[in-house]
Structure formats: structure tokens, C-alpha cells
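Structure first, then comments.
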Amino acid sequence: MQMRMSRKWDVRFLGLAANVASFSKDPSTKVGALIVRPNKEIVCMGFNGFPRGIKDDEVRLSDRRIKYDIVIHAEENALLKAHSPLQDCVMYCWPFMPCSRCAAKMIQVGLMHVVAPAYVPERWLDNFKLARNLFLEAGGIVKLYGQTAVGESLNRLANLKAHNHEILVDVRNYDEESYSGTV
């Protein structure tokens, strides 16, 4: 059974995912992920970063080639921490949807529902389209909230830093785009 949260709960869980993103030491992109059960219980969270025991030194973090070879994506981190079946759960991602690599892993473990802001960095556009299409082909749900409401909700929670600027987002007013079913 695919879980559908209300807008109110989507707002709350996206806010928590944004907060988790702030834990990342990546100076250029801070990503957070939260896995939630149908009863609204948080299973686990993850943020992008190096594996345990690997130093987050400035040289590695500032060299994209090295960083990309080492970093574990927020979604991967959450999946690795789950230690329980994830069917019927939802993954909340901040500040954008999972890449195709993470989408494939989510589908493989049965996590077929993702909620994220509709923000897409230009360099990731094709990859995010592929990720969305993978979810749809597998019968999943992708729920994206559009960029129309840069505002105050998360700012009230805390002055968070991500992408080297403050996160000021009110997803309560976001336009929702939902995709489900097959391509």
C-alpha cells in the first residue's frame, strides 16, 4: 500500500530533512534524507558525507573529483541505517529529489515513494528526469513541491545554512506536482 501524507506532514518532514542536511560538512551541497513509516514514525535519517572513519579534511571536500569518489549520498546513508523493511515508507529529501543512482537503490529495497522540493540544479536535470522515470516505471510515486514559496516556515525552525546561503522555504504554499504509475 502506497502511503500518501497530507501537505501538513510533508511540510514537517521536509523541514526535518532540511535540518538534517545542515549536518553535512560538504561546503558546496548539503543534502538530507528522512525515511518515514505510514504511521509517521521516523525510521532513520541521513546526510551526504564521507564514510565513518574517513577524515572530512578541506582538501578532499574542496576537490570534486576526490569528493565524488568518496561521498555517500544522504539517501544512501539513510538506506544503510534503516535495518528494517522499507516497503510502504516515504523518503523525504532536501534540497532536491534523489539522483538516479539513489533512486535505483531505493526501488531495490522497496522504497517507492519520494517527496522533495522541485528544485533541480541545471547539471543534474537529465539525471533527475531519469530518476523520476525509474520510480514511475517501477510503479512508485514522486511528489515534488514547486519553487513558488520561498518564505518563512523553515526559517522559523532555525536559520539553517545550505548551499552557503540561508534556507528560507515555506513548503505550505508550494505547488505540488505528483507523479505516479508508469511512464
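Worth a mention:
- The distance from the alpha carbon centre of the stretch 46-62 to that of the stretch 90-108 is 20 Å, rounded to a whole number.
- For the stretch 1-119, lysine pairs separated by 8 or more sequence positions, or belonging to different chains, with Cα-Cα distances below 14 Å total 6.
Values quoted throughout were computed directly from the atomic coordinates according to the rules given, and no laboratory measurement underlies them. Note that the structure is predicted; figures quoted are calculated from it, not measured.
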